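Colleague: Take this structure first; my questions come after.
The values are calculated or read from the model by the stated rules, or taken from the named source; none is laboratory data. The structure presented is a predicted model; accordingly, all values stated were derived computationally and were not measured. Heads up, the Cβs are rebuilt from the backbone with ideal geometry, glycines too, and the neighbour counts pull from every protein chain shown. In case anyone asks, the SASA skips ligands and DNA or RNA and just uses the protein heavy atoms, side chains included. Shrake-Rupley method; radii C 1.70, N 1.55, O 1.52, S 1.80 Å.
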Amino acid sequence: MRTALFCIAMVFGLSALAQHASAVEGRDRVVLRGNAFPAIVERETREGIEYKVSPAQPNVQTRRWSEVVEIIYHGMDSGFYQAGTRAMNAGRYEEAASRFASLAAEASREWQGAYGFYRQGEAWELAGDYEQAAAAFSSFVTTYDQHRLWLDALYRQGINLARAGVEAEAQAIVDQLMDYGRDNLAAGRGPEFRANAIQAAMKARSGDLREATRLANRVALAPRDGDTWFHWGNFWAGYLYELGEFRDAAQAYNRMLSQIGDDPAQRAQLSLGYGLSLARSGDNSAALMELLRLDTLPYGSPAQRCQAQYWAGRILVEQGEADKEHEDPRVAEFARTKYRRGILLLQAAASSISDHPDKMEARNLLARLQGDDEDEDAAEEAVLMGE
């Protein structure tokens with residue numbers, strides 16, 4: 001009898017678990033500080049989120065952003081969002097932009113439209129198409145004017161207009177940000193800092209480094225400003241890198257690395273920028289430490305890993321070539337070890353699943369090195385034949 005009752009209880013228990021799983025299926029996951037719960041998030045506002053715990057609930061509930069750590073929306077692990085994210089991670093930015101555009105076009109919920117436009121803008125920006133990036137962020141700004149990311153989207157629209165050289169429209173965004181700051185004192189100086197950043201980008205594009213630097217020094221964004229702080233700092237360090245100011249770029253990247261939280265994607269991007277800046281400035285030992293760290297850690301996209309492998313491999317090969325004929329046999333052997341490790345890294349970069357240009361650079365360098373090795377072997381064989 002007890003066995004029968006136990007089996008009946010188990011059946012009802014499993015049935016209840018199945019019903020619970022079915023009940024939460026299709027809901028989002030709201031992560032708080034200390035716990036999480038399933039819900040249907042209807043809106044993200046500047047103050048917090050509006051949600052229901054079930055579709056049948058008549059009224060929405062709210063949570064302030066000070067309580068919410070993360071929202072994992074139902075559907076982010078499939079469909080256009082997942083495809084776009086995978087393309088982004090692989091460095092296929094135009095494909096990613098297309099996927100996110102489809103997500104926004106077919107949106108049935110706020111998050112799909114908002115994140116579709118926002119991530120589409122991010123993808124076009126990474127692809128270097130600043131006009132299309134500005135257009136995507138403009139779609140966000142006009143469609144979701146109460147969203148928590150509205151101010152950041154407006155800033156991103158302005159930055160991309162500045163980088164595209166559309167100065168009149170970029171200046172209009174600057175004016176809009178300044179007006180917003182005057183009308184919304186609770187926003188603090190955030191709108192002003194974003195306006196200064198856009199003006200700095202405008203001066204940077206025109207080649208006025210002195211004025212761009214003066215304006216950049218008036219952008220007092222901090223990690224509490226989230227992705228905008230990261231975006232601006234990464235943009236400015238990248239601008240210095242493009243100008244050939246590699247030591248200044250390395251300092252900018254390193255300063256951000258000392259402030260960044262535990263976001264692995266952002267840390268990987270900064271680590272790569274720092275390592276490349278060190279390499280281009282001639283500080284090969286420090287560059288190797290940073291690039292090899294990125295290659296061995298579990299974060300970083302395939303494109304970022306490809307870059308790290310190519311540059312680390314290139315440095316090791318150059319160092320190995322310089323000392324492989326050293327008169328001290330220990331130094332020569334160490335140099336040959338470096339060379340072999342460099343070749344392995346270049347081979348890894350050459351076989352990367354990403355489409356980053358450094359993949360082809362690695363293949364070209366390997367082909368040249370193979371040709372050099374064959375020439376050396378032929379020369380040694382000729383000497384031996386002569387003897």
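Colleague: I need the full set of residues from region 332-358 which are at pLDDT below 90 and open to solvent by 10 Å² or more (accessible area, probe 1.4 Å), in order please.
Modeller: I353, D355, H356
Colleague: For residues that are open to solvent by 20 Å² or more (accessible area, probe 1.4 Å) and over 24 Å from Q370 (Cα atoms), scanning just region 302-326, find the one that is farthest from the chain's Cα centre (by Cα).
Modeller: It comes out as P302.
Colleague: Next question. Among (1) surrounded by fewer than 17 Cβ atoms within 10 Å (Cβ to Cβ); (2) more than 15 Å from N234 (Cβ to Cβ); (3) under 14 Å from the mean Cα position of the chain (by Cα), where does G282 come up short?
Modeller: For G282, the exception is condition (3).
Colleague: Do we find a residue being open to solvent by 30 Å² or more (accessible area, probe 1.4 Å) and more than 27 Å from A114 (Cβ to Cβ) anywhere in region 227-242?
Modeller: The answer is yes; a qualifying residue exists.
Colleague: Related question: Across region 68-99, what is the number of residues that are farther than 19 Å from F117 by Cα, more than 18 Å from the chain's Cα centre (by Cα) and open to solvent by 70 Å² or more (accessible area, probe 1.4 Å)?
Modeller: Within region 68-99, residues that are farther than 19 Å from F117 by Cα, more than 18 Å from the chain's Cα centre (by Cα) and open to solvent by 70 Å² or more (accessible area, probe 1.4 Å) number 1.
Colleague: If E290 satisfies all but one of (1) in contact (Cβ under 8 Å) with a residue 40 or more places away in the chain; (2) in a helix (DSSP H, G or I); (3) not basic (K, R), what's the number of the condition it fails?
Modeller: So the condition that E290 fails would be (1).
Colleague: Only one residue in A164, A186, A170 is more than 17 Å from the chain's Cα centre (by Cα), modelled with pLDDT under 95 and over 25 Å from G75 (Cβ atoms). Which one?
Modeller: Result: A186 is the single residue among A164, A186, A170 that is more than 17 Å from the chain's Cα centre (by Cα), modelled with pLDDT under 95 and over 25 Å from G75 (Cβ atoms).
Colleague: Residues that are in contact (Cβ under 8 Å) with a residue 60 or more places away in the chain: find the helices (runs of 4 or more DSSP H) completely inside region 200-259 holding 3 or more of those.
Modeller: Filter on region 200-259 gives 227-242.
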